[in-house]
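The values are calculated or read from the model by the stated rules, or taken from the named source; none is laboratory data. Keep in mind the model is a prediction, meaning the values are calculated, not measured. As a convention, Cβ positions derive from the backbone with ideal geometry for all residues, glycine included, and neighbour counts pool all protein chains shown. Surface areas here come from the heavy atoms of the whole protein model, side chains and all, with no ligands, DNA or RNA. Shrake-Rupley method; radii C 1.70, N 1.55, O 1.52, S 1.80 Å.
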Amino acid sequence: MLSREMNLLFIIWFIISLKSSKCDQIVPALFIFGDSAVDVGNNNYLPLTIARADLPYNGIDFPTKQPTGRFSNGKNAADFFAEKLGLPTSPPYLSLLHKRKQSILTGVNFASGASGILNDTGESLGTLIPLTKQLDYYGRVHRDLVKKLGNYGAKEHLSKSLFVIVTGSNDLLRYYGSSEFRNNTTPLQYLNFMLIATLKAQIKRVHRYGGRKFLVTGVGPVGCAPSRRLKNKGEECDERVNSLSVKYNRRLKLMLRQLKSELPDFNFSYFDTYSILQNIIQKPAVYGFKEVKAACCGIGKLHAELPCIPISSYCSNRSNYVFWDIVHPTEATARILVNTMFHGSSRYTFPINISHLISL
């Protein structure tokens, strides 16, 4: 009799725990597109690229203490998105080709380090997955979801999911690194007719494949990365690059507002990465940081003459640093950025933050 009662209690507990875990899951799935800021290992599966983070000391603060393909000392923004949403970190798309048992129902990560909006951004580093190709892969995932859930089920599933797009920084750096671009196009032509037009077309593709809730991040003050400070007198930010970032962000914000009026059921949150990072750089102590110029891991002046590789030295107090390597933020910085995306005021999120977006 006692055994029967114990079994009944276990069944009741199991049902309650399932319901509790389901309640913690705020959206059904998280789909991520972009560059190294949110790459969780796709580039590990690309043999012909040097844009990889699968060697020490990347991952030194990750739970496994091992490199994972994240350009970070630990977790990156993609991990924190998932945690906030009550989901497992979305697996890198290319891993699905090797581990077919992984589920796509809670989302997929298509991001590729060093990639950009344009197909040939970062090509000097080898094979990458540009945004257009990432959307091709998403098309395949959409087809598989329709097979699993049916047309109506997939539509409902995706309409409640969150789609994150973090890209553009590498395209801006490319403009000032290419005399060909500067000779043939003005900065505004490059922004309007190449970057913004291409990005708009790709967002429309996601919308056609069921996406309704989008987080799109602006680019940060790219000129303040250690790799750019290294080239300037006095280790100051490269304001030429920063100026282009500001102009790009203005056009991105306007484009998203246009899409809102053009597409049915299109909802978005734009995150002002530039302003929050500038605030951190100008008032580091407020956010718990001490070092805003130098990278934590690297070689030479500002630890920025070479990227983080096994022969680099690295800081012991990673949480004091804004930058992990020559361009990427530390885990501590990424956590602050994502917290602000979810709960920040209109100073940094437009027209709403993520918490409001996912409640629609």
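Work out from phi, with θ = phi - 60° and the Karplus expression 6.51 cos²θ - 1.76 cosθ + 1.60, the ³J(HN,Hα) of each residue of region 329-339, listed in order in whole Hz, and give x for Gly and Pro.
x, 6, 4, 4, 5, 4, 4, 5, 4, 5, 4
For Lys293, what accessible area in Å² do you get when you roll a 1.4 Å probe over the heavy atoms of the protein chains, rounding to the nearest 10?
Only protein atoms counted, so the area is about 60 Å².
Please report the accessible area of His343 (heavy atoms, 1.4 Å probe, ligands and nucleic acids excluded) in Å², nearest 10.
Here the residue's solvent-accessible area equals roughly 120 Å².
Just the number, please: Stokes-Einstein D of region 39-104 in µm²/s, Kirkwood Rh from C-alpha pairs, 10 °C, 1.306 mPa s.
128
With all protein chains present and a 1.4 Å probe, how do Phe181, Phe31 order by accessible area, largest first? Before the final figure, lay out the partial values.
Working: Phe181 30, Phe31 0 Å².
Largest accessible area first, the list is Phe181, Phe31.
Toward the positive end of the charge dipole of the chain, about the Cα centre and with charges on Cβ (Lys, Arg +1; Asp, Glu -1), which of Leu277, Val108, Asn170 goes farthest?
Projecting each Cα onto the dipole axis, the largest value belongs to Val108.
On full extension of the chain, what length is gained from Arg182 through Asp265, given 0.36 nm per residue of separation minus the C-alpha to C-alpha distance?
On the way: separation 83, 0.36 × 83 = 29.88 nm, distance 3.84 nm.
Length gained between Arg182 and Asp265: 26.0 nm.
So what is the 222 nm mean residue ellipticity for the chain from helices alone, if each DSSP H run of at least 4 adds -39500 (n - 2.57) and you divide by all residues, rounding to the nearest 500 deg cm²/dmol?
It comes out at -13000 deg cm²/dmol, rounded to the nearest 500.
Through the Karplus equation 6.51 cos²θ - 1.76 cosθ + 1.60, θ set to phi - 60°, convert the phi angles of region 83-96 into ³J(HN,Hα) values in whole Hz; use x for Gly and Pro.
Working through the residues one at a time gives 4, 5, 8, x, 10, x, 4, 4, x, x, 4, 5, 5, 5 Hz.
What FRET efficiency do you get for Arg250 and Ser313 if R0 is 51 Å and r is their Cβ-Cβ distance, rounded to the nearest 0.05? It would help to have the intermediate numbers written out before the result.
Numbers: r = 39 Å, r/R0 = 0.77.
Efficiency, from the Cβ-Cβ distance: 0.85.
Please state the shape class of region 243-360: rounded when a/c is under 1.5, otherwise prolate if a/b exceeds b/c and oblate if not, all from the C-alpha gyration tensor.
Because a/c hits 1.5 or more and a/b exceeds b/c, region 243-360 counts as prolate.
Counting Lys and Arg as +1 and Asp and Glu as -1, what is the net charge of the other residues whose Cβ lies under 15 Å from the Cβ of Pro130?
That sum, taken over residues with Cβ under 15 Å, equals -3.
Using the Cα gyration tensor of region 169-227, with a ≥ b ≥ c the square roots of its eigenvalues, what is the shape: rounded (a/c below 1.5), prolate (a/b larger than b/c) or oblate (neither)?
In terms of gyration-tensor shape, oblate.
Angle, helix 2-24 long axis vs. longest principal axis of the chain, Cα atoms, 0 to 90°, nearest 10?
30
Pairs Lys160/Lys260; Lys160/Lys204; Lys75/Lys155: which are spaced more than 20 Å apart, C-alpha to C-alpha?
Lys75/Lys155
If you plug each phi of region 149-156 into the Karplus form 6.51 cos²θ - 1.76 cosθ + 1.60 with θ = phi - 60°, what whole-Hz ³J(HN,Hα) values come out, in order, with x for Gly and Pro?
With the stated coefficients, region 149-156 comes to 10, x, 4, 5, x, 5, 4, 5 Hz.
Give me the distance in nm between label points sitting 7 Å out from Cα along the Cα-to-Cβ direction at Lys283 and Ser124, one decimal.
Going from the Lys283 label point to the Ser124 one covers 3.8 nm.
About the Cα centre of region 201-325, how large is the charge dipole given +1 on each Lys and Arg Cβ and -1 on each Asp and Glu Cβ? Please answer in debye to the nearest 20. Don't jump to the answer; show the numbers that get you there.
Numbers: 21 positive and 10 negative charges, 104 e Å.
That gives region 201-325 a dipole magnitude of about 500 debye.
Based on Cβ point charges of +1 for Lys and Arg and -1 for Asp and Glu, what charge dipole magnitude is obtained for region 85-205 about its Cα centre, in debye rounded to the nearest 20? Working shown, then result.
Numbers: 15 positive and 7 negative charges, 128 e Å.
In total the dipole reaches around 620 debye.
Rg/Rh for region 65-167: what does it come to with C-alpha atoms and Rh from Kirkwood?
0.97
Rounded to whole Å, give me the distance from the Cα center of region 291-329 to that of region 181-235.
24
Express in nm, to one decimal, how much length is gained between Arg240 and Lys133 on full extension, taking 0.36 nm for each residue of separation and deducting their alpha carbon distance. Display every interim value, and only then the final one.
Working: separation 107, 0.36 × 107 = 38.52 nm, distance 3.00 nm.
Here the segment from Arg240 to Lys133 would lengthen by 35.5 nm.
Rounded to the nearest 10 Å², what accessible area does Arg335 show when all protein chains are kept and the probe is 1.4 Å?
Near enough 100 Å² of accessible area.
From the square roots a ≥ b ≥ c of the eigenvalues of the alpha-carbon gyration tensor of region 294-351, which class results: rounded (a/c under 1.5), prolate (a/b over b/c), or oblate?
Judged from the Cα gyration tensor, region 294-351 comes out prolate (a/c at least 1.5, a/b above b/c).
Using a Förster distance of 22 angstrom, determine the FRET efficiency expected from the C-beta separation of Ala197 and Glu83, and round it to 0.05.
0.05
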